[in-house]
Structure formats: C-alpha cells, structure tokens
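A.B. asks: Structure below; questions to follow.
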Amino acid sequence: MNKLNVLIVDDDDINRKLIKALLSHHPEIIASITEATNGADALEIINQKPQINLVLLDIIMPILDGKGFLKSFRSQKKNSSTPVIVLTTDDSQKNEAINYGADDILIKPIKEDELLKHIKYWTQGEMKE
C-alpha cells in the first residue's frame, strides 16, 4: 500500500495539532500531513497537491464549512475515490455529512486507535473490532 498524504481540515488549531500528533505516531502509513483551516483553503490545497489521498474534515467552520467542502469536492470526478472522514462533536450531523459525500464519521474527542482503525478501513479495507 502507498503511504497516505493526509489533509486535516479544521478551524480549531488545537484539534489540528492533536490529529497531526496522533498521525505522526504512524510513519509506516502516513507520508505527509497538510493542514487547512476551512473548506475553501482545503479545496485550494487539493488542487495544488493532487497526491492527497485522505481528508479528515470538520463540519462547522467559517468561510466554507464541511458540507460546502464535500459538495464541491465530490462534484469533481477525480475526487470520487478519495476517502473523507468527518470528525465532529455533533452526532446529529452524521446522516447529513454522509448524504453530502463523507465516507465515515468519527465523534470527537478522537481516540488514536479508533482513528487508525477507520483510516485503515477506508484505505486498506481493514476494520477489526
């Protein structure tokens, strides 16, 4: 399996740092980590870095929220197979995020083992309980 080029999209600096720290414990599967503070910046980064092959996305953000990002991101055929895992504190957003094109939802606070299990499932087809 190729290593992952991950884009973390969250307006909260602490959340981005936490996710980055969790991912950095796994250099065997993570090649690079890029950060964006809103959906508009994330779309721009993806256009500049087509090698990004996993997006970890917050829903509630300024400028362009997660739903707006998903709508635009999924409208481009080249992005159809890139997994997007939504990280949110609001469990009620789950169905709406999936309807907008998210592949999976994790509820914050994020635990490292859960995050890795879901990442591996969407990128390698493994999810062990």
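A.B. asks: So what J values fall out for the stretch 65-74 if you push phi through Karplus, 6.51 cos²θ - 1.76 cosθ + 1.60 with θ = phi - 60°, rounded to Hz, Gly and Pro as x?
C.D. replies: Couplings: 6, x, 5, x, 4, 4, 4, 5, 4, 6 Hz.
A.B. asks: Within straight cross-link reach of Lys67, meaning Cα distance under 13 Å, which aspartates and glutamates are found once same-chain residues fewer than 8 apart are removed?
C.D. replies: List returned: Asp10, Asp58, Glu96, Asp103.
A.B. asks: Which entries of Lys77/Lys111; Lys17/Lys77; Lys77/Lys108; Lys17/Lys49; Lys49/Lys120; Lys78/Lys120 show an alpha-carbon separation above 25 angstrom in the structure shown?
C.D. replies: Beyond 25 Å: Lys77/Lys111; Lys17/Lys77; Lys77/Lys108.
A.B. asks: While we're here: Could you tell me which of Ile8, Ile105, Trp122 has its Cα farthest along the dipole of the chain towards the positive end, charges placed at Cβ (Lys, Arg +1; Asp, Glu -1), taken about the Cα centre?
C.D. replies: So the residue we want is Trp122.
A.B. asks: Under a point-charge model restricted to the Cβ atoms of Lys and Arg (+1) and Asp and Glu (-1), what is the dipole moment magnitude of the chain relative to its Cα centre, in debye to the nearest 20?
C.D. replies: 480 debye
A.B. asks: How large is ³J(HN,Hα), in whole Hz, for each residue of the stretch 99-109 in order, when computed from phi with the Karplus curve 6.51 cos²θ - 1.76 cosθ + 1.60 and θ = phi - 60°, using x for Gly and Pro?
C.D. replies: Residue by residue, the stretch 99-109 yields 4, 7, x, 5, 8, 7, 9, 10, 8, 6, x Hz.
A.B. asks: Quick one: the Cα spread of the chain along its three principal axes, in angstroms, biggest first?
C.D. replies: That gives 33, 31, 26 Å along the principal axes, largest extent first.
A.B. asks: Can you run phi through the Karplus equation (6.51, -1.76, 1.60; θ = phi - 60°) for the stretch 89-95 and list ³J(HN,Hα) in whole Hz, with x for Gly and Pro?
C.D. replies: 8, 9, 4, 6, 7, 4, 4
A.B. asks: List the residues, sorted by chain then number, that are 5 or more residues from Val86 or on another chain and whose placed amide H is less than 5 Å from its amide H.
C.D. replies: Here the answer is Leu57, Asp103, Asp104, Ile105, Leu106, since their amide H atoms fall under 5 Å of that of Val86.
None of the figures in this text is laboratory data; all of them are computed from the coordinates on show. Please read these numbers as outputs of a predicted model, since none were measured by experiment. So basically every Cβ, Gly included, is an ideal-geometry build from the backbone, and we count neighbours across all protein chains shown.
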